[in-house]
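Chemist: Got a structure here, written out as structure tokens. Questions coming.
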Amino acid sequence: MSYVVLTRDREKDGRLAARLEEAGVPYRSVPLLKHAPGPDHDRLAPSLREDWDWVLVTSPTAASFLLSAWEEAGNPGIRAAAIGKGTAAVLESGGMAVSYTSPKAYGSQLAGELGGSGRVLWPTSTLAGDGMKKILSERGFSLVRLDVYLTLPRRLSDQEKGVLNQAAVAALASPSAVRAWVGASRARPPVAAIGRVSARAALDAGFERVWFPEDPGIEGWAGVIIDVYHRAG
């Protein structure tokens, strides 16, 4: 039987899996990445007690690390800005109010549309680029970046590698996931990427058939996965 391979943590892909089940699309789950505390991890909780005009949250993983530090800091009042609805939902599920959510899950849009001015805290991955800082600096914000977590490839079992090798479609949600797939399997099936950044990484890595939704998010991504699966079938 042909199937889609979902490559994020099963908890993160719960809504996505439900959409595929509704559409009758078979899937297997092989998480490709794991996360660990980064070099600035221990600085986050104390930093949250300072005065910030904004705290930027640019992924669901960053949201999880932020919530843990926020609880450790005693739940201080902060003004959170989230990249897309998925990241905002993680924060809200942990009891944190979100003051601004970018309509599209792109860092450039969040940085370009953030209101006001002043000091901004950005807890992020060691792999994050400098585009956010550049845009905000040009707009007059003072940004402090903390590398609070590492994104690492999981060591896959032979069985998990076999699942990748037989995939009809790879659902990939980050350049890190693309690199992890390439490191674990020689298979280059059609890719349904979560957005244009991941799609570009897949093309650069040698995947020849790559699609992504115009608007990043679970619903748009699910639609692309379903469509690509039927194309591949």
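Chemist: Consider Gln159 against the criteria (1) at pLDDT 95 or above; (2) touching a strand residue (DSSP E or B) at 6+ places or on another chain (Cβ under 9 Å): it satisfies all of them except one. Which criterion is unmet?
Modeler: Answer for Gln159: the failing condition is (2).
Chemist: Of all residues in the range 194-223, which are outside any helix (DSSP H, G or I) and among the β-branched types (Val, Ile, Thr)?
Modeler: Hits for the range 194-223 are Ile194, Val210.
Chemist: For the range 128-145, name all the residues that are touching a residue at least 12 places away in the same chain (Cβ under 8 Å), in contact with a Leu (Cβ under 8 Å, 6 or more places away or on another chain) and either farther than 17 Å from Asp51 by Cα or not assigned by TED's automatic domain parsing to the domain that holds Arg43 (or both).
Modeler: Met132, Lys133, Leu136, Arg139
Chemist: For the list (1) modelled with pLDDT of 95 or more; (2) under 18 Å from Ser174 (Cβ atoms), I need the number of the one condition that Ser99 fails.
Modeler: (2)
Chemist: Same structure again: I'd like to check something: does the range 153-160 contain any residue that is buried (at least 18 other Cβ atoms within 10 Å of the Cβ) and either free of Cβ contacts under 8 Å to residues at least 60 places away in the same chain or under 17 Å from the mean Cα position of the chain (by Cα) (or both)?
Modeler: no
Chemist: Go through the range 71-96 and give me each residue that's within 20 Å of the chain's Cα centre (by Cα) and of a type in the set (A, V, I, L, M, F, W, C).
Modeler: Ala80, Ala81, Ala82, Ile83, Ala88, Ala89, Val90, Leu91, Met96
Chemist: Here is a further query. Residues being under 20 Å from Leu136 (Cα atoms), assigned to a loop (DSSP other than H, G, I, E, B) and in contact with a Lys or Arg (Cβ under 7 Å, 6 or more places away or on another chain): count how many of those fall in the range 52-83.
Modeler: 2
Chemist: For the range 110-119, does any single residue satisfy the condition of being modelled with pLDDT of 95 or more, touching a Gly at 6+ places or on another chain (Cβ under 8 Å) and surrounded by fewer than 19 Cβ atoms within 10 Å (Cβ to Cβ)?
Modeler: no
The values are calculated or read from the model by the stated rules, or taken from the named source; none is laboratory data. Quick caveat, the model's predicted, so the values are computed rather than measured. Methodologically, a virtual Cβ is constructed for each residue, glycine included, from the backbone with ideal geometry; neighbour enumeration extends over all protein chains shown.
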